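Colleague: Can you keep this structure in mind? I'll have questions shortly.
The values are calculated or read from the model by the stated rules, or taken from the named source; none is laboratory data. Quick caveat: nothing in here was measured; it's all calculated off a predicted structure. Backbone-built Cβ (ideal geometry, glycine too); neighbour counts: all protein chains shown. These area figures cover heavy atoms from the full protein model, side chains too; ligands, DNA and RNA do not enter into them. Shrake-Rupley method; radii C 1.70, N 1.55, O 1.52, S 1.80 Å.
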Amino acid sequence: MDYWPHIYLLVFIGILWILEKLFPRAMEKAEENLLVIIITAIMLVSFGQVIARYGFNTGWSAALEFNTVAFSWLILLGMSYGIKTGIHLGVDIVLNAVPHRVTKALSLFGAFATLMYGLILIDSTWLAMLGVDVRGGAIEYWAKMYKIGIGSEELRYPEFLQEAFGLQPRVHRWLVLVILPISLALLIYRSLQAFIDIWRDKRPMLISGHEAKDLVDENLNVLKD
């Protein structure tokens, strides 16, 4: 098995860690803007497709695949972003009912379980050391798509790129699926960060089960103003 994708992901996470240490606010805005761009692209393509189909009896044949891929990217990137910002909803009735030390232990377990979940999905071959007969993961699947070089169903490169670089007509599937290992690497990274922050008492838990109550408290006197 080739380990160069693992090395690239480690380098990516290392660079991300350095940039977030040097430019925390800029990196936070960049991550938010990326998610906004994806959402905006989905909205514009969907709206444009409706106008084109019902107004001009035409449309973009790859619109459905584009929106499906974009929505997948949004979900996969949103996993780590939700952990980073603590906006994942969850049931915290037990966490709030037990002593602080138990709450901390349960929160640490949750962060550790999320970390292990990401490690298993990104590359499960390490489980063989525990006697588990399993193989594969996001990295291996992506690497296989990269070697095969097949294209997506409908997405196509612009003709000028095909002519300039001699590309095949259909967008490479590995390019579409590159988000799988990247998003899982981010999930592992954010879970580790959350684990450390909970251990150091910088955050109480992994989830935000009381988000609705916070919103009500924040906007309690809006109508009076």
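Colleague: Would you mind working out the magnitude of the charge dipole of the range 57-188 relative to its Cα centre, with +1 at each Lys and Arg C-beta and -1 at each Asp and Glu C-beta, to the nearest 20 Debye?
Modeller: Using Cβ point charges on Lys, Arg, Asp and Glu, the range 57-188 gives about 380 debye.
Colleague: Give me D for the chain in µm² s⁻¹, whole number, from Stokes-Einstein with Rh from the Kirkwood sum over alpha-carbon pairs, 37 °C and 0.692 mPa s.
Modeller: In µm²/s, the coefficient is 159.
Colleague: Leaving out ligands and nucleic acids, note down the accessible area per residue over the chain with a 1.4 angstrom probe, in whole Å².
Modeller: Heavy-atom SASA per residue in the chain reads 66 Å².
Colleague: State the answer as a single residue: which of L76, G48, G131 lies farthest towards the positive end of the charge dipole of the chain, with beta carbon charges of +1 for Lys and Arg and -1 for Asp and Glu, about the Cα centre.
Modeller: The Cα lying farthest towards the positive end belongs to G131.
Colleague: Using only Cα atoms, what Kirkwood radius does the range 13-79 have, in angstroms?
Modeller: About 13.8 Å for the range 13-79.
Colleague: Another question, if that's okay. Could you size up the charge dipole of the chain around its Cα centre, putting +1 on the beta carbon of Lys and Arg and -1 on that of Asp and Glu, and report it in debye to the nearest 20?
Modeller: For this selection, approximately 320 debye.
Colleague: Going by alpha carbons, how many degrees (0 to 90, nearest 10) lie between the helix axis of 138-148 and the longest principal axis of the chain?
Modeller: Long axis of 138-148 versus the principal axis of the chain: about 10 degrees.
Colleague: Please state, as a whole number in µm²/s, the translational diffusion coefficient that the Stokes-Einstein equation yields for the range 129-198 at 20 °C and 1.002 mPa s, with Rh defined as the Kirkwood radius across alpha carbon pairs.
Modeller: Estimated via Stokes-Einstein, D reaches 146 µm²/s.
Colleague: Of the candidates L95, L35, L19, which one comes out as most mobile in a Gaussian network treatment of the chain with C-alpha springs shorter than 10 Å?
Modeller: Most flexible of the set in this elastic network: L19.
Colleague: ³J(HN,Hα) across the range 6-11 via Karplus (A = 6.51, B = -1.76, C = 1.60, θ = phi - 60°), whole Hz, x for Gly/Pro?
Modeller: Each residue's phi maps through the Karplus curve to give 4, 5, 4, 5, 5, 5 Hz.
Colleague: Apply the Karplus curve 6.51 cos²θ - 1.76 cosθ + 1.60, θ = phi - 60°, to the phi angles in the range 158-172 and return the couplings in whole Hz, x for Gly and Pro.
Modeller: Running phi through 6.51 cos²θ - 1.76 cosθ + 1.60 with θ = phi - 60° gives x, 4, 5, 6, 4, 6, 6, 10, x, 7, 5, x, 7, 4, 4 Hz.
Colleague: Within the accessible area of the range 123-215, what % is carbon and sulfur when the probe is 1.4 Å and the other protein chains stay in place?
Modeller: Here carbon and sulfur together make up 61 percent of the probe-accessible area.
Colleague: Then there's this: For the range 33-167, compute Rh as the Kirkwood radius over C-alpha pairs and then the Stokes-Einstein diffusion coefficient at 4 °C and 1.567 mPa s; write the answer in µm²/s, rounded to an integer.
Modeller: Translational D for this selection: 67 µm²/s.
Colleague: Roughly speaking, to the nearest percent, how much of the range 1-120's 1.4 Å accessible area is carbon and sulfur?
Modeller: 75
Colleague: Right, next: For the chain, what does -39500 (n - 2.57) per DSSP helix run (n ≥ 4), summed and divided by total residues, give at 222 nm, in deg cm²/dmol to the nearest 500?
Modeller: Dividing the helical sum by the residues of the chain leaves -22500 deg cm²/dmol.
Colleague: Hey, can you rank 107-120, 174-187 by average C-beta count inside 10 Å, highest first?
Modeller: Those peptides, ordered most packed to least, come out 174-187, 107-120.
Colleague: Shifting gears a bit: Counting only the heavy atoms of the protein chains, how much of K21 is accessible to a 1.4 Å probe, in Å² to the nearest 10?
Modeller: Accessible area, nearest 10 Å²: 140 Å².
Colleague: Once the piece of chain linking I87 and W4 is laid out straight, how much longer is it, given 0.36 nm per residue of separation minus the C-alpha distance between them?
Modeller: Net length gain for the segment: 26.5 nm.
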